[in-house]
Amino acid sequence: MGEVPPFGNGSLTLEWPLLLECCAPRPKAEQINALVGKGPDWRVLLSLAEEHGVVSQLHTQLKKLETGAIPEEFQKNLRERHRAQLLFTLSMTAELFRLLEGFRSIGVDVIVVKGPVLSTRAYGDPGLRQYVDLDFLIRADDLLKATRALTDAGYDPDVPIDAIKAGKIPGEYLFMKPGTRLLVELHTEHTFRYFPLPLPMEDYFARRTVVALDGNRVPALSAEDEFVLICIHGAKHFWERLMWVADVAAMASGGPHLDWKILRESAKAVGSERMVHVALRLVQELLHTEIPAEISDAVMRDRATIATCERIKKWLPYAGFAPPSLAQRAQFRMGMRGGLFAGIGYLFRLALSPTEEDWIEGAETKRSWIWDAARRPFRLIKKYGQDGKA
């Protein structure tokens, strides 16, 4: 067990099932009523929802209940947190439109990923899904131009400009606007290191579409490519947040129309078939979401997903406060690629792919990939090897 979570170290025997039911694409009202009637710890439930990023789902389902079993103070706190999230996402959406116009004005081609686009696709509401930043996918050749556009818009780059010019590749190119909570991340074909195979950038741009957002047409990945991306993103973070599971369930069960043949081809192109299978089995087991017939046979045949999902379900309720150990992390990474040799190759590539945390101090602007890569395994062992604490 890692650090003490804000919701305590309890068993969550009522709170976790209640939160799961509220996040299901088709919640069972009778089950929610029964769990509410048993008297969960309301403070724990609210903290749990916040840590998992599903305050809106909890608010949406509980406000439907006609019962006096929910304390007024809890209802007030939940409403306030839900309102704060809506106001923040509204400000982020307005900022998104401003930045898109800035990119267009200088000829930078972008695709918006996750955030309000995913919220609209999965839930039909750009404000229902919680997010803290705006993510843009751009070609690496446009990185300096996009960086200048963001600095002109008042953002400070977390990665020094000289490091970008030197070709250093961080986990993502993060930008922060001083005095605000606005964060922007730029991603290129080189930063998606958790994709088992190279990201097919030109294919993504060729298949891109638009999503209608508050009267604006926002450039987005195809629904199939976005689904694959969120499965890889969940696997990258060991599925430690319920919001990522809920996103998959919402898209798979009733969000945008998905062509599952194209989706499977998209997953195969980046070597993420196992990641997609794990995601679908998770939503089936946790959020009683039916796996579409077009892919169910492939998921059921992938027997290795059974043990993987059982491991995920042990640490998932604790929202990152009971992370997997170093050995479990390595086993998980190997399993996500599928196949022994492919899994070993994937694990070693991740272990030797440096991010900004591995850059040698004082040499951030120099091409020192070999030394950065050599430092990375030792940093990971130090970070995760003692007690699994992230």
Quiz item: Of Lys28/Lys63; Lys177/Lys236; Lys314/Lys382; Lys145/Lys168; Lys145/Lys236; Lys38/Lys63, which sit over 21 Å apart, Cα to Cα?
Solution: Lys177/Lys236; Lys314/Lys382; Lys145/Lys236
Quiz item: When only C-alpha pairs under 8 Å and at least 6 residues apart count, what is the relative contact order of segment 250-347, in percent?
Solution: 27
Exercise. Give me the aspartates and glutamates in straight-line cross-link reach of Lys383: C-alpha distance below 18 Å, same-chain residues under 8 apart excluded.
Key: Glu3, Glu240, Glu356, Glu357, Asp358, Glu361, Asp372
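If the chain between His257 and Ala327 were fully stretched, how many nm would it gain, using 0.36 nm times the residue separation less the Cα-Cα distance? Write out the running numbers ahead of the final one.
Details: separation 70, 0.36 × 70 = 25.20 nm, distance 3.86 nm.
Length gained between His257 and Ala327: 21.3 nm.
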Quiz item: Whole-Hz Karplus ³J(HN,Hα) for segment 201-206, in order, using 6.51 cos²θ - 1.76 cosθ + 1.60 and θ = phi - 60°, x for Gly and Pro?
Solution: 3, 5, 5, 4, 5, 5
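Counting pairs of alpha carbon atoms under 8 Å apart in space and at least six apart in sequence, what relative contact order in percent does segment 138-204 give?
Working: 68 pairs, mean separation 20.8, N = 67.
Result for segment 138-204 is 31 percent.
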Practice problem: Would you please give the residues with an amide H less than 5 Å from that of Asp41, counting only those at least 5 places away or on a separate chain, with H modeled from the backbone geometry? | Solution: Glu15
Quiz item: Using helices alone, what [θ] at 222 nm do you get for the chain, with -39,500 (n - 2.57) per DSSP H run of 4 or more residues, divided over all residues and rounded to the nearest 500?
Solution: -17000 deg cm²/dmol
Self-check item: Heavy-atom accessible area ranking, 1.4 Å probe, most first, across Ile306, Ile32
Solution: Ile306, Ile32
Quiz item: If you average the sequence gap of Cα pairs under 8 Å that are 6 or more apart and divide by the length of the chain, what percent do you get for the contact order?
Solution: 17
Practice problem: Consider a paramagnetic label point 7 Å from the Cα of Leu340 along Cα→Cβ; state which residues of segment 276-290 have an amide N under 19 Å from it. | Solution: none
Quiz item: Which residue, Gly320, Gly254, Gly37, has the most motion in a Gaussian network model of the chain that connects Cα atoms within less than 10 Å?
Solution: Gly37
Quiz prompt | Amide proton proximity set for Ala220, modelled H, under 5 Å, gap of 5+ | solution = Val112, Thr209, Val210, Val211
Exercise. Measure off, as a whole percent, the carbon and sulfur share of the 1.4 Å-probe accessible area of the chain, all protein chains present.
Key: 53
Quiz item: What list of ³J(HN,Hα) couplings, whole Hz, do you get for segment 112-120 from phi and the Karplus terms 6.51, -1.76, 1.60, once you set θ to phi - 60° and write x for glycine and proline?
Solution: 7, 10, 6, x, x, 5, 5, 4, 5
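The values are calculated or read from the model by the stated rules, or taken from the named source; none is laboratory data. Keep in mind that what you see is a predicted model, and the values were worked out from it rather than measured. Here Cβ is always computed from backbone atoms with ideal geometry, including for glycine, and neighbour counts include all displayed protein chains. Note: accessible area is taken over every heavy atom of the protein model, side chains too, but ligands, DNA and RNA are not part of it. Shrake-Rupley method; radii C 1.70, N 1.55, O 1.52, S 1.80 Å.
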